[in-house]
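The values are calculated or read from the model by the stated rules, or taken from the named source; none is laboratory data. Every value quoted in this text rests on a predicted model; they were computed, and no experiment measured them. Note: ideal-geometry Cβ built from the backbone for every residue, glycine included; neighbour counts use all protein chains shown. Accessible surface areas use protein heavy atoms only, side chains included; no ligands, DNA or RNA. Shrake-Rupley method; radii C 1.70, N 1.55, O 1.52, S 1.80 Å.
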Amino acid sequence: MKRNLISCLAALSAVAASFLFVRAFPEWIPPLYVLSAALFAFAAGAVTWLFAAKKRLMKGAIAAAAFLAAFFSLTYLINNVLLRETQSDKSTAILSCLILLFFIIYYLILSRGKKRKRLLAACAILIPAIVVISYAVPICRPLILKMGLEKLYAPFRAVFSQGGVPTSDGDLFYSFTYPTVKVKPTDKLGSNGSFTVFTAKNETEGCQLTVRSGSAGKTFSLRVSPAVNADGGTLPVRVFKECYLAIEGYGSVFSNEFPDPLAPYGGESVTLDKNRSQTFYIEFAAGADAAAGEYVSDVEILGPDGKTAAAAKITVTVWGFALPEKPSGATAVGLNGSLFPLAAGLPADFYGTNTWLSFYDGSSELTPEQEEVYKKYYDCLLEHKLCAFFLPYDLLDPRAEEYMNDPRVTAFCIPYPKEDDEKLVKYYEKVRSNSVWESKAYFYPVDEPFDADRVANYDAIVERLGRLCPGYHMVVPFGDYKVTDHNGVLRTATGMEEGAADILCPITDYLDEIRPWVNEREAKGDRLWWYVCCGPSDASGFCNLFTHQNALRHRILFWQQKAQNVTGFLYYETCNWGSAGDPWTNPITYGAAENTDEAGDGLLLYPGGRTGTTDPVTSLRLKCVRDGMEDLDLLAMAEELLGKEETHRLIRKVTKNMIKYTSDPAVFASVREEIGRRVAGLSASK
């Protein structure tokens with residue numbers, strides 16, 4: 001009886017120890033392991049029970065602690081070092097190895113009898129088994145969150161430090177980090193008291209600053225100056241307050257909130273709960289005529305009394321070369337009149353709509369108010385290196401020509417009047433009248449023809465365009481599917497492209513499979529784009545633009561685009577608000593309400609009503625896409641100056657293939673800095 005009581009107490013103590021360990025070192029334990037950590041704690045309790053008789057309780061406690069530390073060390077090494085799913089550092093990896101070594105030596109010392117040899121064998125099997133189970137059962141994390149068990153961790157958050165650089169206020173702490181990190185409001189902060197941003201001319205680059213409070217109800221504000229160089233030259237700065245969206249089944253045991261909407265920040269007071277943080281996105285724009293060299297921006301964190309609690313600096317290093325005004329990659333993204341009700345309280349309109357079954361035919365006549373709102377959203381996307389399918393004005397409207405001539409506009413869609421041959425020909429004749437316009441213009445009247453009805457529609461469109469618009473350019477996104485048409489003929493996705501669409505646009509996870517076919521088509525003069533949408537899934541390992549994904553994956557997608565020699569990026573929508581209702585509160589834009597795996601699909605802009613304006617509100621993911629597009633330009637310049645082989649060697653430091661890439665923002669930043677520095681050196685010598 002006494003031994004059973006002691007074993008129960010030991011097991012409970014081990015559970016408590018695991019909770020404390022999780023709280024003390026949250027960066028060691030990915031959320032997926034919480035359930036397995038609890039199971040492990042009971043196993044550690046059982047080990048303690050074996051030693052609980054007589055006077056061996058202390059020895060058992062040491063055994064349990066060693067067992068616990070070994071488990072967490074092994075999970076850290078597998079997740080952070082072997083699989084590189086999250087950021088790791090050398091000191092923690094070395095410590096994990098030492099803990100594992102101690103565990104092995106400790107049990108070797110104990111294993112001087114048959115029973116203890118069996119115990120050692122059981123331990124050696126149990127730890128890896130639990131780790132494997134934690135990977136094999138992804139339901140663990142959603143269960144923890146949906147059952148509300150994460151609330152059990154709250155008391156421990158109050159005990160352990162949440163990091164950050166201290167301020168004179170005493171309750172406020174801060175830290176800078178890379179723009180390729182999504183900082184949840186309960187994440188432990190780093191200790192970066194300053195930051196250096198590297199940028200080319202004609203580029204915008206930034207960083208993030210997180211401020212947390214050690215007490216409830218704490219208020220503060222932020223002041224960030226433009227960056228100034230020694231000669232008085234300045235770089236304008238923009239500051240955004242990051243807003244958070246809850247995504248069920250993702251995040252950590254402390255929070256399932258992810259940053260995404262970026263509300264313009266003008267120095268207003270911010271109130272924080274205890275051990276919660278607020279992150280700000282800070283970006284600097286270096287114009288094409290900016291002087292190369294170092295600029296410094298002063299950052300002040302002001303306490304509740306308005307006095308400076310901390311002063312920090314952001315150094316902006318401008319390289320001595322400019323990115324080209326014309327982007328090296330084409331873009332085509334969705335934007336349509338369904339945004340008007342939430343954006344400005346105006347009636348919805350069919351303008352610009354391109355969905356699976358509905359394609360814009362040029363028939364809409366927007367009101368001046370609708371035109372103004374659509375133009376704001378189009379210009380916002382253009383500022384972020386993305387071109388919406390349809391221009392703010394009809395192609396036959398003279399006002400459209402300003403955009404058609406703009407070198408930043410890399411592509412635009414020609415409306416497809418379904419039954420008006422005369423209007424279709426007018427559209428086509430206008431774009432054919434100018435070689436620049438013709439190179440940018442494309443038809444996109446059908447999407448993913450994966451059933452017999454769509455195939456029939458696709459065939460009719462191809463026949464009509466061939467007859468009325470000879471030499472047309474058309475894009476038809478496709479994946480890995482086969483369709484039996486109404487004539488009983490088996491049609492493949494690639495086969496349907498032959499002689500019909502000259503802008504090849506496979507989904508990203510299908511490109512490697514059809515690479516030989518793509519090479520043949522490119523040799524004949526076809527262009528290669530690609531796209532993402534609700535797929536590839538997050539679990540596949542492919543990069544996408546989901547709200548809950550690692551921010552670095554959004555940017556690496558465009559390094560992969562250069563590595564794969566893809567010249568264009570297509571994304572079906574940027575304001576997919578219809579199914580969400582209000583994207584500020586519901587990030588599920590695709591499928592059923594519980595479909596959190598594709599959270600944020602087709603959503604890169606938010607309606608500005610909550611910020612008191614009809615202007616679009618950008619997102620952290622849109623900034624990553626913008627930065628990725630600018631990286632494409634940098635890599636294109638590197639190919640010219642460093643050579644293709646050397647440039648692709650550097651790219652492989654970031655992404656080896658489509659599913660193997662760094663998860664460490666420091667590694668990414670280091671490679672980008674090396675490329676920028678080398679391009680700057682060669683540009684100066686030329």
Calculated SAXS-style log₁₀ I(q)/I(0) at q = 0.13, 0.18, 0.20 Å⁻¹ - segment 575-686, Debye, Cα scatterers: -0.70, -0.92, -1.01
Ranking T484, T177 from most to least accessible area with a 1.4 Å probe gives T484, T177
Whole number please: convex hull volume per residue, Cα atoms of segment 331-381, in Å³. 84
Just want to confirm a number: the relative contact order over segment 237-367, from Cα pairs under 8 angstrom separated by 6+ residues, in percent. 15
Candidates per trypsin sites (Lys or Arg not before Pro) in segment 636-665, loop by DSSP, up to 16 other Cβ within 10 Å: K656, K660
Mind checking the full-extension length gain between A452 and R399? Use 0.36 nm per residue of separation minus the Cα-Cα distance, one decimal, nm. 15.1 nm
Compare the Cα positions of P341, T331, Y403 along the charge dipole of segment 324-417 (+1 at Cβ of Lys, Arg; -1 at Cβ of Asp, Glu; about the Cα centre) and return the one farthest towards the positive end. T331
Read phi for every residue in segment 581-587 and hand back ³J(HN,Hα) as whole Hz from Karplus 6.51 cos²θ - 1.76 cosθ + 1.60, θ = phi - 60°, with x for Gly and Pro. x, 10, x, 5, 10, 10, x
Amide H contacts under 5 Å for T410, placed H, 5+ residues apart: T331
Enter the accessible area of V333 (Å², nearest 10), with the probe set to 1.4 Å and all protein chains included. 0
Given K623/K653; K184/K656; K430/K644; K313/K686; K440/K623, which pairs have Cα atoms separated by over 26 Å? K184/K656; K430/K644; K313/K686
Sequence-distant residues sharing a close amide H with T196 (under 5 Å, placed H): T315
So what is log10(I(q)/I(0)) for segment 357-479 at q = 0.18, 0.23 1/Å, when the Debye sum runs over its Cα atoms only? -1.02, -1.45
Short to long, in 10 Å steps from zero, the percent of alpha-carbon pairs of segment 172-315 per bin is 11, 41, 33, 13, 2, 0
Using a ≥ b ≥ c from the Cα gyration tensor of segment 413-527 (square roots of the eigenvalues), is it rounded, prolate or oblate, where a/c under 1.5 gives rounded and otherwise the larger of a/b and b/c decides, a/b for prolate? oblate
Ordered by residue, what ³J(HN,Hα) values in Hz, to whole numbers, does segment 483-500 give under the Karplus form 6.51 cos²θ - 1.76 cosθ + 1.60, where θ = phi - 60° and Gly and Pro are x? 9, 8, 7, 5, 8, x, 8, 7, 10, 9, 4, 5, x, 5, 6, 4, x, 10
Note down the accessible area of E520, probe 1.4 Å, to the nearest 10 Å². 110
quick shape note, segment 262-371: Cα extents on principal axes in Å, largest first -> 57, 43, 28
Using modelled backbone amide H atoms (1.01 Å from N, in-plane), which distant-in-sequence or interchain residues come within less than 5 Å of T167's amide H? L172
Table column - 3J(HN,Hα) (Hz), segment 272-277, Karplus curve with 6.51, -1.76, 1.60, x for Gly and Pro: 10, 7, 4, 6, 10, 10
Residues with beta-carbon under 14 Å from that of W530, excluding W530: net charge, scoring Lys, Arg +1 and Asp, Glu -1? -4
Summing +1 per Lys or Arg and -1 per Asp or Glu among the other residues with Cβ less than 11 Å from K418's Cβ gives -2
Yeah, segment 491-604 with a ≥ b ≥ c from its alpha-carbon gyration tensor (a/c under 1.5 is rounded, else prolate when a/b outruns b/c, oblate otherwise) is prolate
